[in-house]
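Data first, discussion second: the structure below is written as structure tokens.
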Amino acid sequence: MSENTALHCANHPTVETALRCNRCEKPICSKCAIKSPVGYRCPECVKSQQKSFETAEGIDYILGFTVAGLLSGIGSFIISLLGMIGFFGFILVAAAAPVAGVVIAEAVRFAIRRHRSVQLFKVILAAIIIGALPLGLFQIFTFNIFGILFQAIYLFISVPTAYYRLSGIQLFK
């Protein structure tokens with residue numbers, strides 16, 4: 001290719017670029033470029049790399065949903081009992097909710113044999129919320145203010161904690 005021949009993005013043919021994917025050498029523009037630890041990659045190469053890390057099987061979705069839902073229901077019940085304590089329960093809920101998230105995540109990880117998938121993690125998060133729903137609704141219908149607040153705090157803390165433990169995302173490097 002000569003010096004004065006301009007490259008055009010493979011995904012956006014009207015956009016000139018000097019950037020190439022460092023894996024497949026396809027020309028990409030700044031809109032398409034995804035920064036990786038080893039350089040810029042095209043979306044197709046990033047997707048193909050991510051697929052190699054997804055190992056979940058069909059049974060993992062069922063096991064993960066069931067285990068997460070049951071354990072979240074148990075955690076929600078325990079949080080409901082703390083709602084009867086009153087104001088002091090805030091401290092107990094703030095301490096118990098992350099522990100519940102870790103316990104749920106580790107039990108699910110064991111049940112799904114450490115298989116991974118973004119969709120699997122989302123199914124597990126939905127199960128945690130659904131598992132806490134019956135007691136949360138009960139607290140709403142009985143107008144138990146502390147119970148409602150405690151259920152909200154439980155979900156607000158335990159869901160991200162479980163997701164963090166399962167997916168391995170790092171908030172700070």
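The values are calculated or read from the model by the stated rules, or taken from the named source; none is laboratory data. Please read these numbers as outputs of a predicted model, since none were measured by experiment. When we count neighbours, we look across all protein chains shown, and the Cβ atoms used for this are built from the backbone with ideal geometry, even at glycine.
Of the residues making up segment 87-118, those that are over 10 Å from F150 (Cβ atoms), touching a helix residue (DSSP H, G or I) at 6+ places or on another chain (Cβ under 6 Å) and among the small types (G, A, S) are A100, G101, A105, A107, A111.
Listed conditions (1) closer than 18 Å to I74 by Cα; (2) not in a helix (DSSP H, G or I) are all met by H115, apart from (1).
Could you check, for segment 119-128, whether at least one of its residues is farther than 30 Å from K47 by Cα and in contact with a helix residue (DSSP H, G or I) (Cβ under 7 Å, 6 or more places away or on another chain)? Within segment 119-128 (the criterion being farther than 30 Å from K47 by Cα and in contact with a helix residue (DSSP H, G or I) (Cβ under 7 Å, 6 or more places away or on another chain)), the answer is no, since none of the residues qualifies. Scoring F87 on the criteria (1) outside any helix (DSSP H, G or I); (2) touching a residue at least 60 places away in the same chain (Cβ under 8 Å); (3) among the aromatic types (F, W, Y) leaves a single failure, condition (2).
Please verify whether E57 is surrounded by 13 or more Cβ atoms within 10 Å (Cβ to Cβ), under 15 Å from the mean Cα position of the chain (by Cα) and among the acidic types (D, E), treating the condition exactly as stated.
Details: surrounded by 13 or more Cβ atoms within 10 Å (Cβ to Cβ): yes; under 15 Å from the mean Cα position of the chain (by Cα): no; among the acidic types (D, E): yes.
No.
State whether the residues of segment 112-121 include one that is more than 16 Å from the chain's Cα centre (by Cα) and surrounded by fewer than 19 Cβ atoms within 10 Å (Cβ to Cβ).
Filtering segment 112-121 for residues more than 16 Å from the chain's Cα centre (by Cα) gives 113.
Pick out the ones that are also surrounded by fewer than 19 Cβ atoms within 10 Å (Cβ to Cβ) and you get 113.
Yes, the conditions are met somewhere in segment 112-121.
Looking across segment 31-52 at every residue that is at pLDDT below 85 and part of a loop (DSSP other than H, G, I, E, B), the one that is nearest to R116 (Cα to Cα) is identified as S52.
The single condition among (1) crowded, with 19+ Cβ neighbours inside 10 Å; (2) without any contact (Cβ under 8 Å) to a residue 60 or more places away in the chain; (3) within 16 Å of V67 (Cβ to Cβ) that A105 does not meet is (2).
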